[in-house]
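Take a look at the structure below.
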Amino acid sequence: MPRMDAQQLAELTDRARRLAVPGGRRILGIAGPPGAGKSTLAARLVARLDGLAVLVPMDGFHLARRELDRLGRAERKGAPDTFDAAGYVALLARLRAPEPGTTVYAPAFDRALEEPVAGAVPVAPDVPLVVTEGNYLLHGEGAWASVLPLLDEAWFLDLDDRCRVPRLVERHVRFGKDRDHAERWVRDSDEANARLVARGRDRAHLVVRMS
């Protein structure tokens, strides 16, 4: 998995903590190509913020395999049109304006099942920071273009492809693909998505160099 030195992690934690002001609600978005370390960094930040933040992954809005099959998009899973982008935008808008006494339930993504799981992430109304991560937070087309205006900060994780691609292959193998299938999937699907994600890099408030 991508690495980060202790000083860099401390600096990012401090930056996230400045957003986590009790009595309000802010949203931090972490974007980047597949395998850049988004979910790892987001989880570490939330853990270090000790109750001040909740992680809401974009991947909870993957379309189910049955729907991808119906649409003929299963072999492109992970592309922008294989998510419910409008649903994700609607959730972010709801999270920005929490109702007193109302917990919002967000979906998650189960990598073992390769399916979204509804109602898996409770977001209490008094949690000051939501951290959300995913490929297309900085994507400027379709419903995705409405994501960035809902974020108080957006970070882009930048990891050299020579490190990112092999780690991405290993992740697919770890979750059940045979190596040949994993390598083909990364080459034909994930890397096409990575090139698309890279177009949003300059829209980020902060570029984080990973190693």
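The values are calculated or read from the model by the stated rules, or taken from the named source; none is laboratory data. Note that the structure is a prediction, hence the values are computed from the model and not measured. FYI the Cβ positions are ideal-geometry reconstructions off the backbone, even for glycines, and counts take in every protein chain you see.
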**Fill in**
Quick count over the stretch 192-207, residues being touching a helix residue (DSSP H, G or I) at 6+ places or on another chain (Cβ under 7 Å) and more than 15 Å from Gly134 (Cβ to Cβ), is 1
**Request:** Being crowded, with 23+ Cβ neighbours inside 10 Å and not hydrophobic (A, V, I, L, M, F, W, C) is the filter; apply it to the stretch 15-32 and report the residue that is nearest to Arg94 (Cα to Cα).
**Result:** Gly29
**Fill in**
Just one listed residue, out of Arg73, Arg94, is out of contact with any helix residue (DSSP H, G or I) (no Cβ under 9 Å at 6 or more places or on another chain), surrounded by 13 or more Cβ atoms within 10 Å (Cβ to Cβ) and free of Cβ contacts under 8 Å to residues at least 40 places away in the same chain, and it is Arg94
**Complete:** Per the filter on the stretch 5-43, residues within 21 Å of Tyr105 (Cα to Cα) and in contact with a Ser or Thr (Cβ under 9 Å, 6 or more places away or on another chain) are Ile27, Leu28, Gly29, Ile30, Ala42
**Message:** Condition (residue is under 22 Å from Pro34 (Cα atoms), surrounded by fewer than 12 Cβ atoms within 10 Å (Cβ to Cβ) and free of Cβ contacts under 8 Å to residues at least 40 places away in the same chain) applied to the stretch 144-155: is it met by at least one residue?
**Reply:** no
**Message:** Condition (residue is in contact with an Asp or Glu (Cβ under 7 Å, 6 or more places away or on another chain), at pLDDT below 95 and not in a helix (DSSP H, G or I)) applied to the stretch 198-208: is it met by at least one residue?
**Reply:** no
**Message:** Within the stretch 170-190, does at least one residue satisfy the condition of being surrounded by 14 or more Cβ atoms within 10 Å (Cβ to Cβ), touching a residue at least 60 places away in the same chain (Cβ under 8 Å), closer than 21 Å to Asp81 by Cβ and not aliphatic (A, V, I, L, M)?
**Reply:** yes
**Item:** Which numbered condition Gly35 misses (of (1) surrounded by 18 or more Cβ atoms within 10 Å (Cβ to Cβ); (2) touching a Lys or Arg at 6+ places or on another chain (Cβ under 7 Å); (3) part of a helix (DSSP H, G or I))
**Value:** (3)
**Asked** Which residues, counting only those in the stretch 1-31, are within 21 Å of Pro57 (Cβ to Cβ) and either among the small types (Gly, Ala, Ser) or in a helix (DSSP H, G or I) (or both)?
**Response** Leu9, Leu12, Thr13, Arg15, Ala16, Arg17, Leu19, Ala20, Gly29, Ala31
**Prompt:** Out of all the residues in the stretch 45-67, which are within 24 Å of Glu114 (Cβ to Cβ) and surrounded by fewer than 17 Cβ atoms within 10 Å (Cβ to Cβ)?
**Reply:** Ala64, Arg65, Arg66, Glu67
